[in-house]
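**Student:** Mind looking over this structure? Questions follow.
The values are calculated or read from the model by the stated rules, or taken from the named source; none is laboratory data. Source: prediction; values computed, not measured. All Cβ positions, glycine included, derive from the backbone under ideal geometry; neighbour counts span all protein chains shown. Accessible surface is based on the protein model in full, side chains and every heavy atom, while ligands, DNA and RNA are left aside. Shrake-Rupley method; radii C 1.70, N 1.55, O 1.52, S 1.80 Å.
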Amino acid sequence: MNRRKFLGLVGATAAVAAAGTSAHAAGNTHFTGHPEANAVLFDATECIGCRKCEDACNKVNELPKPDKPFDDLTVLDTKRRTTEKIYTVVNKYENSKNPNLPVFRKNQCNHCQEPACASACFVKAFKKTPEGAVVYDESLCVGCRYCMIACPWSIPAYEYDEPLTPRVMKCTMCHPRILEGKLPGCVEICPKEALKFGKRDELIKFARNRIEAYPDRYLDHIYGENEMGGTNWLYISGVPFGELGLEEGLGVTSAPELTSGALAAVPVVTGLWPVLLTGLYAIHKTREKIEKKEKDDAVSAALTKAASEAEAKLSSELEKADVANKRKIEVEVKKAVEEALLPKDDDDAPEEEA
C-alpha cells in the first residue's frame, strides 16, 4: 500500500462514518459464555508451593528455561507475575489463620467467560473457545496491546525484546492438549491434586460440596464463579482471597458489559482504527524495505571498496617485492664479479723448476 492509497482509504472510511453508516469494532461483541466449557479449580488449602506446575507449564509450552531451577523454592520469597516467557507462577503469602504456615496461590490467565481481552481486541486476535480456554491468534494481532490494559488481572505480556514479530503471550489452559483429550500440564503434574480439571458447572458443584463438608477449612466463596461475569479458573481458599493477591472488588459485571456503552459511542474511532493501523503498518514496512536496501547497497559498496584497496595494496607489495628481489640479485652478481676480478695470491702461482 502506497501513501496515496492509504490516505484515500482513510478518507473513504471517514466519509462512510460521516454518512451515518455504523462501524462495528470486532471486539464490541457481548460474549455469552459456554455452559459446557471446561475449567480448573485451584484449592489453596492443598497447594504446597512445590512449583512443579511451573515446570510442567515450561515444558509443555517449550518456554525458555528460567535463571533459577524449578526446585529452587527461594524464588517464592519474592512476589512474581507472569511474563511473556513465564505463563504461570506460584507465589507465597502470609496465612492470617496460621502465621506459622504460609499459603500459596498459582497465578495465570483466568480464562474469563466473557474475556475483557477479547472485548478490547478489535481484530479478534483473542477468542473464547467452547472448550473454556481463551486463545490468541498472533497472525491477526496488530500489537496495540489493548488486551493488556483491559485484563483486570494484568496477565497478558508483550514480547518487547522481539524486534520483528512480537506477540502477546499468556496461559492457554493447554488448549491443544485439551483438544487431544489430555489434561493441562499443570493439572496433570500437581502432586497434591490442588488443581482439578473438569466441566465448569461440575467443578462449581464439587467446590460447593467441599465448602459445605469442611466449613472450618474453607471460606464460603468460590472465587471466579461470578467475578467479572465468571471465569474458567476457579479458586477456593481458607483465607480471604485478598490475602492471596486476588482482587476482591471487581464485581460481577463482565468487562464487555461494562464497556459496551463507551465502545458504542465511538464507532468512528473503532472503524478507522484498523485502517489507520494497517496503513501505518504498510508505511512502516515500506520504510523498512528502503532502509534495508540502503543498508545492503552501503555494505556492497564498502565491500567493493575494501576489495579494490586490498588488490591495490597487494599489487604494490608484489611490485616492491619484485624490485627488492631484482636489487638483491644485482648485488649478488656484482659481488661475484668483483670477487672474480680480484688478483690471485702468489701462493697460488705454479712453482718454478729447480
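**Student:** Six or more apart or on different chains, Cβ atoms under 7 Å: show the pairs whose first residue is in segment 90-118 and over 30 Å from Glu257 (Cα atoms) and whose second is open to solvent by 30 Å² or more (accessible area, probe 1.4 Å) and small (Gly, Ala, Ser).
**Tutor:** Asn91/Gly245; Tyr93/Gly245
Here's the yes/no breakdown for (1) under 13 Å from Asn38 (Cα atoms); (2) open to solvent by 20 Å² or more (accessible area, probe 1.4 Å):
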| site | (1), (2) |
| --- | --- |
| Arg167 | no, yes |
| Cys174 | yes, no |
| Glu180 | no, yes |
| Pro191 | no, yes |
| Ala194 | no, no |
| Asp201 | yes, yes |
| Tyr214 | no, yes |
| Thr231 | yes, no |
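**Student:** Quickly run through segment 130-145 and pick out the residues that are more than 19 Å from Asn107 (Cα to Cα), touching a residue at least 60 places away in the same chain (Cβ under 8 Å) and not charged (D, E, K, R).
**Tutor:** Pro130, Val142, Cys144
**Student:** Next question. Return only the number of the condition from (1) at pLDDT 95 or above; (2) farther than 16 Å from Glu62 by Cβ that Pro163 does not satisfy.
**Tutor:** Result: Pro163 fails condition (1) only.
**Student:** Now for a separate question. State whether one or more residues within segment 335-353 are open to solvent by less than 70 Å² (accessible area, probe 1.4 Å) and modelled with pLDDT of 85 or more.
**Tutor:** There is at least one residue in segment 335-353 that is open to solvent by less than 70 Å² (accessible area, probe 1.4 Å) and modelled with pLDDT of 85 or more.
**Student:** Kindly indicate the residue of segment 233-245 that is over 29 Å from the mean Cα position of the chain (by Cα) and either assigned to a loop (DSSP other than H, G, I, E, B) or basic (Lys, Arg) (or both) and also surrounded by the most Cβ atoms within 10 Å (Cβ to Cβ) among those meeting that condition.
**Tutor:** Ser237
**Student:** Are there helices (runs of 4 or more DSSP H) fully within segment 66-184 with at least 1 residues that are in contact with a Phe, Trp or Tyr (Cβ under 7 Å, 6 or more places away or on another chain)? List them.
**Tutor:** Ranges flagged: 116-120, 146-150.
**Student:** Pick out the one residue from Asp71, Asp67 that is out of contact with any strand residue (DSSP E or B) (no Cβ under 9 Å at 6 or more places or on another chain), free of Cβ contacts under 8 Å to residues at least 12 places away in the same chain and open to solvent by 20 Å² or more (accessible area, probe 1.4 Å).
**Tutor:** Asp67
**Student:** All but one of (1) open to solvent by 40 Å² or more (accessible area, probe 1.4 Å); (2) more than 21 Å from Ile178 (Cα to Cα) hold for Asn95, so report the exception by its number.
**Tutor:** Exception for Asn95: condition (1).
**Student:** Which condition from (1) under 20 Å from the mean Cα position of the chain (by Cα); (2) at pLDDT 95 or above is the one that Tyr93 breaks?
**Tutor:** Just one mismatch for Tyr93, condition (1).
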